[in-house]
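Everything below concerns the one structure shown next.
The values are calculated or read from the model by the stated rules, or taken from the named source; none is laboratory data. Everything quoted here is computed from the prediction, not taken from an experiment. Counting neighbours? That spans all protein chains shown, and the Cβs are built from the backbone with ideal geometry, glycine included. Keep in mind that these areas ignore ligands, DNA and RNA; they rest on the heavy atoms of the full protein, side chains included. Shrake-Rupley method; radii C 1.70, N 1.55, O 1.52, S 1.80 Å.
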Amino acid sequence: MKPETHAYPKIQLFIGGKWLDSKEHLPVLNPSDENQIGLLPVVSEDQLDCAVTVAEEGFRVWSRTAPLERSRIILEASRLMRQRCEEIAQSISLESGKPIRQSRLEVIRGCEFFEWDAAEGQRLYGRVIPSAPHIRYLVIRQPIGCVASFSPWNFPMSQPARKIAGALASGCSVILKPAEQTPAGSIHIARAFQDAGLPPGVMNLVFGQPADISGYLIPREEIRLVAFTGSTSVGRSLTMLASAHMTPVLMELGGHAPVIVCDDVDAQDVGVVSAIRKMRNAGQVCTSPTRFYVHERLYPDFVDSFVHQVEAMKVGNGRGEDTDMGPVAHSGRLKVLQDLVDDARERGGKLLTGGSRRQGSGYFFEPTVLSEVPDDAKIMKVEPFGPIAVLNSIPSLDEGIEMANSVPYGLAAYAFTHSAANVDQLINEMEVGNLSINTLEASVPETPFGGVKASGYGREGGDEGLLHYTIVKNVMHSIGI
Ligand code: NAD
């Protein structure tokens, strides 16, 4: 393990370009050993009021800043974050338990989100519509205003990055509430933007009780967009609150990704990559592959190779250089995961490996593989959001697609096949926002990411990503009078 040369940053509110403290605090814990590593300031109502005021002022300044200059500042902040990659990665491994090698990749991914959006922000084109002489019809896109954003704990740097990048690249200001368990990633982002010369009030960070903050911010008329990533249940309640104020929302919610393995691929190879991807970030990824539907001819080989790979993984402290899988991010997840495993077994599912919390300190849940799990088991409908895979066999692609579509979610889905006919059927019939064939990558900065059904709506990334942060204005200009 590397010496811990990087200190965990002091967690403070960032409002109007100033670092502020508060009277009340919550502990921030290291999930690898349950030790306290920091104190999270709980924002007061006065401080939230101040954040709204400065964000409005910040919006006036930033929306009138030339897109090229906005892009320059975002790119400079990203350059600084790349320079500080190791320091940021060590912080987020400490607070989330994520293996350090994954944290480094996450920081780079966060920078890529900034870089893509910085470039896209210069291309928010409108159009000129052909018209009669002496009149012009223009359609322009303008930044929507001040955005209230809420990011989750599973990617402490790249999730806030995605929210901040979209807002800033479009000319909006933002008040972000990062997850209370993992605040350091956002602190590093704010430091980089401050050093890059972002005007005060354009980006603000508040921490505290999630419901108190969303309950205060969303009804404010100055808030023109609510952007949330997290569970469907919280997303639904924030959407209802926003709709009472006619405020639009961007919702990136849960998933329960299926993987269909057809009979024309190498079962062992696909088993290995599937196991590695499943256990990435201890399965705490909204696109994590969970329900594996494997053609019955390949099933025994696939199961062998998957379980073998899982059992070879090193589970340990997030800062360990050779750690493959860390703990889950907070204690509340352990009971949920245990319930899902117990329920699956009671209904006839087989436990092939793992299945319970590891003894000792830290929120470690063993990498777990279940097979032959019946459809009525809770885990077939409830997103585990943890290191649990279900391996079931299917007689045909038709059956696989039917099972894949049988949940309320529709975020990501995967399939392995070399047949063009199979791919065509998958494209036509899968009910998801993101379909990946022969790869378990679901989201890159260049492509739009988001869900259908209970997985939410709106897209982040691609050229679609910035559209939510803008309004369309139609201008009619008569030149004759
Ligand atoms: P949770 O719903 O309690 O919390 C998820 C996130 O939402 C946290 O970061 C929290 O700060 C925030 N949050 C909660 N209530 C809020 C409110 N009223 N206003 C504003 N923000 C609020 O769930 P959990 O137990 O921490 O995580 C498990 C579930 O969350 C999973 O089942 C998964 O679906 C979902 N999740 C999804 C993502 C994702 O990337 N889509 C990320 C993290 C969690």
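Of all DSSP beta bridges confined to the chain, the antiparallel ones make up roughly 45%.
Residues of the range 205-223 with an amide N closer than 19 Å to a point placed 7 Å from the Cα of Ile471 along the Cα-to-Cβ direction: 218-223.
Pop the C-beta distance of Asp343 and Thr65 into the FRET formula with R0 = 60 Å and round what comes out to the nearest 0.05. Provide the component values of the computation, followed by the final result.
Details: r = 54 Å, r/R0 = 0.89.
Efficiency, rounded to the nearest 0.05: 0.65.
In a Debye calculation with equal point scatterers on the alpha-carbon sites of the range 19-76 and no solvent, what is log10 I(q)/I(0) at q = 0.16, 0.23, 0.24 Å⁻¹? Ignoring solvent entirely, the Cα scatterers give -0.76, -0.88, -0.91.
Along the range 446-453 the Karplus relation, 6.51 cos²θ - 1.76 cosθ + 1.60 evaluated at θ = phi - 60°, assigns HN-Hα couplings of 6, 10, x, 10, x, x, 10, 6 Hz to successive residues, with x for each Gly and Pro. The shape of the range 257-444 can be summarised by an equivalent ellipsoid whose semi-axes, obtained from the alpha carbon gyration tensor, come to 26, 17, 16 Å from longest to shortest.
3J(HN,Hα) couplings calculated from phi for the range 136-150 with the Karplus curve 6.51 cos²θ - 1.76 cosθ + 1.60 (θ = phi - 60°) are, in sequence order, 10, 10, 10, 10, 10, 10, 10, x, 6, x, 7, 10, 9, 10, 9 Hz; Gly and Pro show x.
The order of the peptides 374-385, 239-250 by mean Cβ neighbours within 10 Å, most packed first, is 374-385, 239-250. Extension gain, Asp266 to Asp195, is 20.5 nm, computed as 0.36 nm per intervening residue step minus the present C-alpha separation.
Evaluate 2.2 N^0.38 Å with N set to the residue count of the range 120-170, then give the Cα radius of gyration divided by it. If you can, show how the numbers build up before the last one.
Numbers: Rg = 17.1 Å, N = 51, 2.2 N^0.38 = 9.8 Å.
Against the compact-globule rule of thumb, the ratio is 1.75.
Each Cα pair under 8 Å and six or more residues apart adds its separation to the average, and for the chain the resulting relative contact order is 19 percent. Per-residue ellipticity at 222 nm computed for the chain from its helices equals -11500 deg cm²/dmol, with DSSP H segments shorter than 4 residues left out and the rest contributing -39,500 (n - 2.57).
Report the full-extension gain for the segment Leu435 to Asp46: residue separation times 0.36 nm, less the Cα-Cα distance, to one decimal in nm.
Values: separation 389, 0.36 × 389 = 140.04 nm, distance 4.49 nm.
Stretched fully, the Leu435-Asp46 segment lengthens by 135.5 nm.
If only the Cβ of Lys and Arg carry +1 and only the Cβ of Asp and Glu carry -1, the dipole of the range 39-124 around its Cα centre is close to 520 debye. Measure out, as a whole number of angstrom, how far apart the alpha-carbon centroids of the range 182-208 and the range 363-407 sit. Measuring centre to centre over Cα atoms gives 39 Å. Shown for the chain: the carbon plus sulfur share of the solvent-accessible area, taken with all protein chains present and a 1.4 angstrom probe, equals 53%. Each Lys and Arg contributes +1 and each Asp and Glu -1, all at the Cβ; summed about the Cα centre of the range 394-481, the dipole is approximately 440 debye. Can you work out the PRE-style zone for Ile135? Point 7 Å along Cα to Cβ, and I want the residues of the range 460-481 with backbone N under 11 Å. Residues 476-480 qualify, since their backbone N sits under 11 Å from the label point.
Here is the size of the chain from its Cα atoms: Rg then Dmax, 23.1, 81 Å.
For Val265, what charge total do you get from the other residues with a beta carbon under 13 Å from its beta carbon, if Lys and Arg give +1 and Asp and Glu give -1? Neighbourhood net charge equals -4. Here the Karplus relation 6.51 cos²θ - 1.76 cosθ + 1.60, evaluated at θ = phi - 60°, turns the backbone of the range 315-331 into coupling constants of 9, x, 4, x, 7, x, 4, 9, 6, 8, 9, x, x, 7, 6, 8, 4 Hz, with x for every Gly and Pro. Database remark: amide H of Phe207 closer than 5 angstrom to the amide H of Val43 (H placed geometrically; neighbours at sequence offset of 5 or more, or on other chains; Pro and chain starts carry no H).
Given 0.36 nm per residue, what is the gain on full extension from Leu105 to Ile481 after removing their alpha carbon distance, in nm? Full extension from Leu105 to Ile481 adds 129.4 nm. Determine which aspartates and glutamates satisfy two conditions relative to Lys10: a Cα distance under 16 Å, and not lying fewer than 8 residues away in the same chain. Lys10 reaches Asp21, Glu24, Glu87, Glu95, Glu180.
By the combined test of axial Cα extent (at least 15 Å) and Kyte-Doolittle hydropathy (mean at least 0.5), the qualifying DSSP H helices of the chain come to 232-244. Taking the charge dipole of the chain about its Cα centre, with +1 at Lys and Arg Cβ atoms and -1 at Asp and Glu Cβ atoms, the residue from Phe59, Val147, Phe114 reaching farthest to the positive side is Phe59.
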